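Following: one structure in structure tokens, then a few remarks.
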Amino acid sequence: MSDLTQFTIAEARAKLDAGDFSSQELTDAYLSAIRASNEKLNTYITVTEDKAREMAKASDDKRAKGEVGPLEGIPLGIKDLFATKGVHTQACSHILDSFEPTYESTVTTNLWSDGAVMLGKLNMDEFAMGSSNETSYYGPVVNPWKSKNSNAPLVPGGSSGGSAASVASYLCAAATATDTGGSIRQPAALTSTVGIKPTYGRCSRWGIVAFASSLDQAGPITRDLRDSAIMLKSMASVDDKDTTSVDLPVPDYESAIGKSVKGMKIGIPKEYRMDGMPDEIEDLWQKGIEWYRDAGAEIVDISLPHTKYALPAYYIVAPAEASSNLARYDGVRYGLREQSTDIVSMYENTRAAGFGAEVRRRVMIGTYVLSAGYYDAYYLRAQKVRTLIKRDFETVFAEGIDAILTPATPSAAFEIGDQEMANDPVKMYLNDIFTVTVNMAGLPGISVPAGLDANGLPLGLQLIGKPFEEETLYQAGNIIELAAGRYTPDKWW
Amino acid sequence: MTIVDTRTPDPSDFIPGATGDWEVIIGLEVHAQVTSKSKLFSGASTEFGAEPNSNVALVDAAMPGMLPVINEECVSQAVRTGLGLKAEINHRSVFDRKNYFYPDLPQGYQISQYKDPIVGEGVVSVSIGPDAKGGFRDIEVGIERLHLEQDAGKSIHDQHPAMSFVDLNRTGVALMEIVSKPDMRSSEEAKAYVTKLRTILRYLGTCDGNMEQGSMRADVNVSVRRPGEDFGTRCEIKNVNSIRFLGQAVEFEARRQIAILEDGGTIDQETRLFDPVKGETRSMRSKEDAHDYRYFPDPDLLPLEFDQAYVDALASDLPELPDDKRNRFIGDIGLSAYDASILVSEKAIADYFEAVADGRDGKTAANWIINNLLGKLNETGQTIEETPISPDQLGGVIDLIKSGDISGSIAKELFEIVWAEGGDPAKIVEDRGMKQVTDTGAIEAAVDAVIAANPDKVEQVKEKPNLAGWFVGQVMKATGGKANPQAVNKLVRQKLEVEG
């Protein structure tokens, strides 16, 4: 039998339907692959072997009875940010030491009820704070991609680094991920996978450990566009437990793939042409523009004038919300507790021991910008900037733009332990320069693999759409996928 | 916020100091627990007295990834309360997070409303009195705002030598914080305001007002000044949980501040606690130690929005409120202001009164309730809800007086019997032969017998006509009080030829 892990969801779905193999066989193939490779890649922090086999058997039994869900028998990896009942859920933080929730997130509940199988929990940056997966309490994830000229281990991006690397290295058919400032799209771009951050409110946030509530949104990381469409359809839902989720029908995203883009207006924002942007990124962007022109789309130069304020404003809003969201990790009810003689020192010792450096930094930034005397100057102003960023997008969409094309990241994957970034957090934050605007405006954005750089490392292009028009992104994304083709890393793991 | 002084200084409110008179300024923040089955943002029960930590939803315990969902019942209760306070209802309000660490606050923040509360300015009319002459003085206390917020849990410090326990049953229960303007000028006014506010909430059914269960508590802002001068520096006395303590706290605090000022000192703005055992307030934390709560809009909750139709629907279902009821009792039924005030003070009493007065003379019903029923309840320490005499039974007693079946004094006896034993008053009167004698023949015979037996008194009565009353008393005694006193009086005077 050929390696079952090579199949996309769409392919595996067809073969499971045809009876070529069972979910149990498919699941076993993934479990063996994880066993063989996880030590090298560190993408899984918990492998739920028994549960996976149980779910696969249940799925095969269902199938035998003719009950076939849209993800029937498909083995998935789940980012550690999603609450999974009775299973390790720690947001890759020490502070949630030994935490196993008594509840299941809405997104994963949707996946299981559509027939999917859970392989385990995936590594990530602690509390989703990071762009390299180096802030995880469980250590960094290694990107399956390597530079042509070096054997140095590279980061997979973050925060959904475990999700992206697992999908790229065939350790799951697809993975759940979350995106607060680029945490789906950036790692997808750095691993040649497809990552979509849907419109804010498209997926329920219930049961997802909160980082920045007004920005967090779940989405899938997959090997191709079609799998992305299949996954998003299952993940998305309105949820009366999340009042910020939106009650709109979930369309059949798959059917958008292959539709012509003739006459579609693709906006090219001049503000995304940053100073010091590598030529390779610029060239890739130009290539993308040509692909759309060739496909009959109309290329329109647009302006999103407040773009340059997005990253600074993001690094006020997100830490502010995080400082409050993470207050519940106090050692009182669950997770880590560092015993002490009084309550205040218990808090201090627990939080000092439980949170990593990046999380502590953001909690402190957030606390600062919300403090009396600073609130107006920082938080309130950042919110005003956010409104302006949103208005920038509304204006161009009102002028008839269907989707906006930008680079996904300012560079390809970098080395684990990159000293420049380790010594200057702002350099790390710049990874999100093209992606944060989308979160600030609550829009859908997708990163599609678009080629390799000179070192043979993947790069992605980003498409940004109107609210709840993810279909347009699948329709337009298909052009990049067709033109660029698919790239997979040479297996070394 | 500019604070406007709405009151004219009244010397009768002044507190005399060693160096002259002082005026006390009081504003209150009343925390009233919303009457609702479940909590403000979770489905957990709000039942009082449950096993510790049994009414706790995942979101109340702040489990990772849990989200608040607004309980619409609490919203409508807040709007109803706003309407009852004749206040502006804000169609759009915002929930904010008030951040601080405490073990009984699992989220590390309280969800409250900061800049945009659900209810804006309103007013409460408060009657102060009755004074020695039975008079009332009406004042108006402005309402600054009403907002919805979560209650915290309970920390228990006496169960373990080194640890504290936490009970999260109250965590997340909906509170309305009702903020008054600094419109009160005496402890009496403050007490009357809270009493009136509680009455309104109970009429509306939006808070049970049970202060001993913690359903209502007040933070009291107190400052003093020389009459006519600007407001002084205030101190906030936290968590006062009875109306009596409220009065004591204000009295103590005002005098404490006056003493400091008269000694040439200044008042530090601070938060204080009232110690009911010692009857004094003491410092809890100074302004410098005040928390920085880092308020910001809760990103888990969209702004709370509703339209005027929603408000109108709630307004149309609002019960008659105490002020309207009081006016109706005075205007339509003809009760005195005093009687009407007493009857509307509790909705249950007003309801009782209206049941008794239905088809009967209102003033008689009011007299019986105020003088007899409430007196007796007060004696036995029972509430109107616990009364052993139903409105029907009391109405029955009144009916028997009206029909002339019993006299007023027999009626009082009958009231005691019904109180102690229950039963239908008419049947008791019948069974026990308590009916008054209206048969003139029988009364005449009794009168004749008394006259015949007391010839000396008959002589005396010619000189002293007042002695006729003695004969009436003797006849009443002889008939066991059942004779109609008017008929006896008339016959006695006829036969003794005394002018009546």
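The values are calculated or read from the model by the stated rules, or taken from the named source; none is laboratory data. None of the values given here were measured: they were computed from a predicted structure. No Cβ is skipped: glycine too gets one built from the backbone with ideal geometry, and neighbour counts run over all protein chains shown.
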Show me the strands (runs of 3 or more DSSP E) entirely contained within the stretch B:1-113 in which 1 or more residues are small (Gly, Ala, Ser), buried (at least 19 other Cβ atoms within 10 Å of the Cβ) and modelled with pLDDT of 95 or more.
B:20-33, B:109-112
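Condition check ((1) under 30 Å from A:Val142 (Cβ atoms); (2) out of contact with any Asp or Glu (no Cβ under 6 Å at 6 or more places or on another chain); (3) at pLDDT below 95) across all residues:
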residue: A:Glu321; (1), (2), (3): no, yes, no
residue: A:Gly335; (1), (2), (3): yes, no, no
residue: A:Arg361; (1), (2), (3): yes, yes, no
residue: A:Thr367; (1), (2), (3): no, yes, no
residue: A:Leu370; (1), (2), (3): no, yes, no
residue: A:Lys384; (1), (2), (3): no, yes, no
residue: A:Asp402; (1), (2), (3): no, yes, no
residue: A:Ile416; (1), (2), (3): yes, yes, no
Considering each residue of the stretch A:347-377, count those that are within 11 Å of another protein chain (Cβ to nearest Cβ) and assigned to a loop (DSSP other than H, G, I, E, B), and give that number.
6
Taking into account only those residues within the stretch A:102-119 that are touching a strand residue (DSSP E or B) at 6+ places or on another chain (Cβ under 7 Å) and within 21 Å of A:Tyr334 (Cβ to Cβ), which is nearest to the other protein chains (Cβ to nearest Cβ)?
A:Ser105
What's the number of the only condition in (1) touching a residue at least 12 places away in the same chain (Cβ under 8 Å); (2) out of contact with any Pro (no Cβ under 9 Å at 6 or more places or on another chain); (3) on the phi < 0 side of the Ramachandran plot; (4) surrounded by fewer than 17 Cβ atoms within 10 Å (Cβ to Cβ) that A:Pro278 fails to meet?
(2)
Considering residues that are more than 16 Å from the chain's Cα centre (by Cα), more than 20 Å from A:Pro458 (Cβ to Cβ) and crowded, with 23+ Cβ neighbours inside 10 Å, the number found within the stretch A:403-439 is 2
For B:Glu386: the one exception among (1) charged (D, E, K, R); (2) touching a residue at least 24 places away in the same chain (Cβ under 8 Å); (3) more than 29 Å from B:Leu83 (Cβ to Cβ)
(2)
Somewhere in the stretch A:117-129, is a residue free of Cβ contacts under 8 Å to residues at least 60 places away in the same chain and within 24 Å of A:Ala318 (Cα to Cα)?
yes
For the stretch A:465-478 the number of residues that are buried (at least 24 other Cβ atoms within 10 Å of the Cβ) and either in contact with a His (Cβ under 9 Å, 6 or more places away or on another chain) or assigned to a helix (DSSP H, G or I) (or both) is 6
How many residues are on the phi > 0 side of the Ramachandran plot and buried (at least 21 other Cβ atoms within 10 Å of the Cβ) when one looks only at the stretch A:74-112?
2
Name the residues in the stretch B:179-198 that are β-branched (Val, Ile, Thr) and buried (at least 21 other Cβ atoms within 10 Å of the Cβ), would you?
B:Val194
Residue check, A:Arg205 against (1) part of a loop (DSSP other than H, G, I, E, B); (2) over 23 Å from A:Thr84 (Cβ atoms), all met but one. Which one?
(2)
Test: A:Ile343 is within 13 Å of chain B (Cβ to nearest Cβ), farther than 20 Å from A:Ser214 by Cβ, hydrophobic (A, V, I, L, M, F, W, C) and more than 22 Å from the chain's Cα centre (by Cα):
yes
For the stretch A:362-374, the count of residues that are in contact with a helix residue (DSSP H, G or I) (Cβ under 7 Å, 6 or more places away or on another chain) and either in contact (Cβ under 8 Å) with a residue 60 or more places away in the chain or of a type in the set (Phe, Trp, Tyr) (or both) equals 2
State which residue pairs qualify: first residue over 15 Å from A:Val68 (Cα atoms) and inside the stretch A:10-34, second residue at pLDDT below 95 and part of a helix (DSSP H, G or I) in any location, beta carbons under 7 Å apart, and separation of 6 or more residues or different chains.
none
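May I ask you to verify whether B:Asp167 is in contact with a Pro (Cβ under 6 Å, 6 or more places away or on another chain) and assigned by TED's automatic domain parsing to the domain that holds B:Ala259?
yes
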Check whether at least one residue in the stretch A:214-222 is part of a loop (DSSP other than H, G, I, E, B), within 14 Å of chain B (Cβ to nearest Cβ), free of Cβ contacts under 8 Å to residues at least 12 places away in the same chain and of a type in the set (Asp, Glu), and report yes or no.
no
The number of residues in the stretch A:307-340 that are away from every other protein chain (no Cβ under 13 Å) and closer than 26 Å to A:Tyr378 by Cβ is 9
List every residue pair whose Cβ atoms lie under 6 Å apart, where the two residues are 6 or more positions apart in sequence or sit on different chains, the first residue falls within the stretch B:21-33 and is within 27 Å of B:Glu229 (Cβ to Cβ), and the second residue, located anywhere, is part of a strand (DSSP E or B) and of a type in the set (Val, Ile, Thr).
B:Trp22/B:Ile15; B:Trp22/B:Val224; B:Val24/B:Val224; B:Ile26/B:Val222; B:Leu28/B:Val220; B:Glu29/B:Val179
Is there a residue in the stretch A:386-396 that is at pLDDT 95 or above and within 14 Å of another protein chain (Cβ to nearest Cβ)?
yes
Return the total of residues in the stretch A:229-271 being in contact with a Cys (Cβ under 9 Å, 6 or more places away or on another chain) and of a type in the set (Ser, Thr, Tyr).
2
Restricting attention to the stretch B:103-145, which residues are within 14 Å of chain A (Cβ to nearest Cβ) and within 30 Å of A:Tyr334 (Cβ to Cβ)?
B:Pro103, B:Asp104, B:Leu105, B:Pro106, B:Gln107, B:Gly108, B:Tyr109, B:Gln110, B:Ile111, B:Ser112, B:Tyr114
Selection from the stretch B:427-441 of residues that are farther than 13 Å from B:Gly404 by Cβ, assigned to a helix (DSSP H, G or I) and modelled with pLDDT of 85 or more
B:Lys427, B:Ile428, B:Glu430, B:Asp431
Which residue pairs have Cβ atoms closer than 7 Å, lie 6 or more positions apart in sequence or on different chains, and pair a first residue in the stretch B:52-81 that is within 9 Å of chain A (Cβ to nearest Cβ) and closer than 14 Å to B:Arg170 by Cβ with a second residue that is crowded, with 21+ Cβ neighbours inside 10 Å and modelled with pLDDT of 95 or more?
B:Ala61/B:Pro106; B:Ala61/B:Leu168
Given the conditions (1) within 26 Å of A:Ser160 (Cβ to Cβ); (2) among the acidic types (Asp, Glu); (3) over 23 Å from the mean Cα position of the chain (by Cα), every one holds for A:Glu67 apart from (1)
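Of the residues B:Arg255, B:Arg328, B:Arg285, which is of a type in the set (D, E, K, R), in the same structural domain as B:Leu373 (by TED's automatic domain parsing) and either farther than 17 Å from B:Val224 by Cβ or in a helix (DSSP H, G or I) (or both)?
Testing whether each residue is of a type in the set (D, E, K, R), in the same structural domain as B:Leu373 (by TED's automatic domain parsing) and either farther than 17 Å from B:Val224 by Cβ or in a helix (DSSP H, G or I) (or both) leaves just B:Arg328.
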